[in-house]
Amino acid sequence: MQNSLRPLCLSLETLHRVKSRMLEAMERGLSRRTHSQATVRMLPAFIRSTPDGTERGEFLVLELGDTHLRVLLMELSGDTDQRVTMKERCFPVPDAIAQGPGEKLFAFLATCLWEFLDGLHMPKTDFELGFSFPFTCRQTRLDQSYLISWSKRFQCAGVEGRDVVVLLQDAINKQDRYHIKVIAVVNDTTGTMMSCDASAGPCEVGLVVDAGTNSCFMAEARHVEVVEESEGRMGVVTEWGSFGDDGALNDMLSPYDLQLDQASLNPGRQRFEKMISGLYLGEIVWHILTELFSGRMTPALLTKGSVQTQDILEITDEQVGLATARRVLRALGLEASDQDCFNMQQVCKAVCIRAAGLCAAGLAAIVSHMCRNRELSRLKTSVAVDGAVFRAHAKFSQTLQQLVKQLAPECDVTLVQAEGSSKGIGMVTAVASRLAAQRLQVNQTLALLQLSPAALGTVQALLRREMELGLKKETNAMSSVRMLPTYICATPDGSERGDFLALDLGGTNFRVLLVKVGSRERGGVQIISEVYSIPPHVAQGPGSQLFDHIVECIADFQTKQGMMGQTLPLGFTFSFPCQQTSLDQGILLSWTKGFNASGCVGQDVVKLLREAVKRKNHFALDVVAIVNDTVGTMMSCGYHDPNCEVGLIVGTGTNACYMEQLRNVGTLAGEEGRMCINMEWGAFGDNGCLDAFFTPFDRQVDEASLNPGRQRFEKLISGMYLGEIVRRILLELTDKGCLFRGRLSPKLQTPDIFQTKFLSSIESDGLALRQVCAILEELGLHVSCEDSVLVREVCQVVARRAAQLCGAAVAAVVEKIRENRSLEQLAVTVGVDGTLYKLHPHFAQQVQETVRQLAPRCSVTFLQSEDGSGKGAALIAAVACRVARHQRA
Ligand code: 0WK
Ligand code: BGC
């Protein structure tokens, strides 16, 4: 007796081996390279989400079983109780249908459906339907699935290789009483997984041990290489029944397994299934009994199929097992002694325990795979189980639960008896319907922010027109782009020398710099700088307080650098729109970004600075140049690349400058030479020329800003506003029930709480969705994996629009320069700075792509500024001093 059972006893160490071989087989199934030869096929089920409790409506289910077809109408209340009501009817499937022409099978399914609906006498005629088709299929969409091979008792002609949804939909459409749309085809394991109650927490694994066996789970989509999707989750049906068909289990197959396989309809195939599932357990026991009772053979005992799995499962029961064993042995024509019955029970137990052990090894492989791929230290999940073996054999689940704990100690697994896969299939249909409705809403909302190449071309042309208006004296006032002369006519020629002080105000940080300009051989420019903050109350308080604060920072810097008493020429980067009449004088036209200090607009800011120095009486300042950050950036990059003739900032704010032919600057006298123009393109559209491009979200952001109606272009592009645009879109999508189960968090309703830096991190390729969830949970939100995928999509759309608009604007500038010089081709460098351009993972590349599309005759190099525009301001001061020296000479 022990000899017979020994090959069935698998040690924990052996089960660990099965687990690791299953893991390897799963990886091969997931990999695009080895998928087609894999034994465990890992077929994508195109289930992207599990129920979240907001599903509502009535859904039809067609569940094709081994012997019966179940037709079901499931109604979901969609409220907090999520009540589920079901009406159903079963139709036996005759052999003539199961083994007849395929067309007949689908006609039969459709007829049963109509009969069921007619029986309900409902006024409603429009339905969405989920189809459970428990055969191996190659699924390409949730509603598209090609039959690979029949199994169990089905063998219909003319179906293999065809899309079973099309076959069913065609059959259904042969009548017009009902409009039924097949929106999902589902494997019974996914139906099982989805039948779990959403309130019981995430249930992301389904396990069926019935006539056959199979499993499914929610994998990370990026690991399912055979599908395009890379975001979020993707349901995968393992088809683990064929595990071992490549010999991976040969060292564990008992002689009984080999006998069973040789006598099966499909020798060499479905190895794992033949050791576990209900169709075979009885037969394994039969083979053992023929060996155990080889001396007392009876015709019944020699008959294949004479031992039923149902009985095997019952015999393992401590209460009724021995009695059932006696009944079965009698039915086999054996006069069974108590010992015989006991032996029979041991055999059944050994076969079932082995099946449960192998199942546990498979399940452990799945949950360990999920834990590892989600980079979790511990995975907590429910596993929905179903099938005759589970329902008839409580010990099977217990054994399974215990062994999974030992085989996957890093996972917290709860087995949940499924409420019948029909409900699950209904849930798949309901989730598919919810996702489709949400996708429609999301597409409608985000379509407003998607710009076609033609639309971008329009923006380019509109900016070009505004530039021309801005350059002409007569039309300057009409233009929203002020094209401000900067009195910078020359770029550094490398002969500049000396120490200079520089201030850099207007970006994220306020910096004071000491810039030592020397010969290139001696390292060129050395910079020492200190960052200071400008608190909001200073940026938005009295102007005198702001400039006093600036002077205190300079004093602090000079003290730290031991420069007290030194008066160095100073270049002042002041990143706001200033009307200049000379290099060292600039009238502030308006505040932008987060600044709004009083008493400054209309004033010469150099004068305001000098007055503050006087007030503080600390030291003297020699301001020789006031510079916009775009100009400082162009100069700073121009020091390294003489081709740099454009300065671009995409940071808190956005703007650009470029070298224009003086003859084109109608607001200034002179024809010869060039002048750097500060475009102040942040205000592009303030005259309404861009209104067609503003979405309701942009209008909301503008109305809530410090300067409504102004800096409209900046408010579509720059770091100060992108986060807020995203936040308002998230509010709208939550309101529409597409996000966070329609539940708003107070935090998310707080203006400016969604920082633009979140966009950069959320979009960074390496960031797992789990980290996106963490950012959102910080905002008091309950986040599903789906939510984080959608939030990432919103961030992508908002940032891409900003980058494309910025690219369209750069294209307008470089095309202007090319036409200025009547060149066929222009090669030019753009010096760039700003946290959004520098830190966002895709922004720079999307700007460059757009420029390539819209200005194909310009080859544009984007040079990121290393030292900021403070260095540029110092270089401008150096040029001014050089020019002044020559004029004095
Ligand atoms: C760094 C420059 C500074 C400019 C800033 C813009 O040195 O002049 O204002 O970039 O970028 P932000 O700090 O606004 O992102
Ligand atoms: C200002 C510009 C500045 C830009 C980038 C805008 O808000 O108006 O002067 O160049 O921000 O900092």
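Take the residues of the stretch 669-711 that are within 26 Å of Ser869 (Cα to Cα), hydrophobic (A, V, I, L, M, F, W, C) and not in a loop (DSSP other than H, G, I, E, B): which is farthest from ligand 2 (Cβ to nearest atom)?
As a first pass, look at the stretch 669-711 and keep what is within 26 Å of Ser869 (Cα to Cα): 673-684, 706-707, 710-711.
Next, only the ones that are hydrophobic (A, V, I, L, M, F, W, C) stay: 675-677, 679, 681, 683-684, 706.
From what is left, the residues that are not in a loop (DSSP other than H, G, I, E, B) are 675-677, 681, 683.
Details: Met675: 17, Cys676: 13, Ile677: 12, Trp681: 9, Ala683: 7 Å.
Looking at the filtered set, the residue picked out is Met675.
Against the conditions (1) surrounded by 14 or more Cβ atoms within 10 Å (Cβ to Cβ); (2) touching a Gly at 6+ places or on another chain (Cβ under 8 Å); (3) of a type outside the set (A, V, I, L, M, F, W, C); (4) modelled with pLDDT under 95, where does Asn476 fall short? Just the number, please.
Here Asn476 clears every test but (4).
Here are the criteria: (1) modelled with pLDDT of 95 or more; (2) more than 16 Å from ligand 1 (Cβ to nearest atom). Tell me which single one Glu778 does not satisfy.
(1)
Scan (1) at pLDDT below 90; (2) surrounded by 15 or more Cβ atoms within 10 Å (Cβ to Cβ); (3) of a type in the set (Ser, Thr, Tyr); (4) over 36 Å from the mean Cα position of the chain (by Cα) for the single condition Thr14 breaks and write down its number.
Thr14 satisfies every listed condition except (1).
Mind listing whichever residues of the stretch 132-176 are exposed (fewer than 14 other Cβ atoms within 10 Å of the Cβ), small (Gly, Ala, Ser) and closer than 19 Å to Phe108 by Cβ?
Ala157, Gly158 - these are the residues of the stretch 132-176 that are exposed (fewer than 14 other Cβ atoms within 10 Å of the Cβ), small (Gly, Ala, Ser) and closer than 19 Å to Phe108 by Cβ.
Specify which of the listed residues (Arg434, Arg439) is among the basic types (Lys, Arg), assigned by the TED database to the domain that holds Gly78, on the phi < 0 side of the Ramachandran plot and touching a residue at least 24 places away in the same chain (Cβ under 8 Å).
Arg434
Could you figure out which of (1) surrounded by 15 or more Cβ atoms within 10 Å (Cβ to Cβ); (2) modelled with pLDDT under 90 isn't true of Leu376?
(1)
Starting from residues that are under 11 Å from Val879 (Cβ atoms) and crowded, with 21+ Cβ neighbours inside 10 Å, keep the ones in the stretch 493-506 and report whichever is farthest from ligand 1 (Cβ to nearest atom).
It comes out as Glu496.
Yes or no: Arg482 within 16 Å of ligand 2 (Cβ to nearest atom), basic (Lys, Arg) and touching a strand residue (DSSP E or B) at 6+ places or on another chain (Cβ under 9 Å)? Write out each step before concluding.
Working: within 16 Å of ligand 2 (Cβ to nearest atom): yes; basic (Lys, Arg): yes; touching a strand residue (DSSP E or B) at 6+ places or on another chain (Cβ under 9 Å): yes.
Yes; evaluated as a whole, the condition is true for this residue.
Val531 versus (1) within 15 Å of ligand 1 (Cβ to nearest atom); (2) surrounded by fewer than 16 Cβ atoms within 10 Å (Cβ to Cβ); (3) among the hydrophobic types (A, V, I, L, M, F, W, C); (4) within 30 Å of Ala808 (Cβ to Cβ): which is the lone unmet condition?
Just one mismatch for Val531, condition (4).
Inside the stretch 712-732, can you point out the residues that are in a helix (DSSP H, G or I) and closer than 30 Å to Cys644 by Cβ?
Glu714, Lys715, Leu716, Ile717, Gly719, Met720, Tyr721, Leu722
Does the stretch 20-39 include one or more residues that are part of a helix (DSSP H, G or I), hydroxyl-bearing (Ser, Thr, Tyr) and surrounded by fewer than 21 Cβ atoms within 10 Å (Cβ to Cβ)?
yes
Find the residue count for the stretch 605-629, including only residues that are within 16 Å of ligand 2 (Cβ to nearest atom) and of a type outside the set (Gly, Ala, Ser).
6
Report yes if Glu671 is modelled with pLDDT of 95 or more and either closer than 26 Å to Thr756 by Cβ or not assigned by the TED database to the domain that holds Ala808 (or both), otherwise no.
no
Against the condition away from ligand 2 (no atom under 14 Å from the Cβ), under 29 Å from the mean Cα position of the chain (by Cα) and of a type outside the set (A, V, I, L, M, F, W, C), how does Gly723 come out, does it pass? Give the derivation first.
On the way: away from ligand 2 (no atom under 14 Å from the Cβ): yes; under 29 Å from the mean Cα position of the chain (by Cα): yes; of a type outside the set (A, V, I, L, M, F, W, C): yes.
So Gly723 passes the test.
Give the stretch 597-608 a look and list any residue that's surrounded by fewer than 23 Cβ atoms within 10 Å (Cβ to Cβ) and over 10 Å from Gly543 (Cβ atoms), or say none.
Listed by number, the residues that qualify are Gly602, Asp604, Lys607.
The values are calculated or read from the model by the stated rules, or taken from the named source; none is laboratory data. None of these values were measured; they are calculated from a predicted model. As a convention, Cβ positions derive from the backbone with ideal geometry for all residues, glycine included, and neighbour counts pool all protein chains shown.
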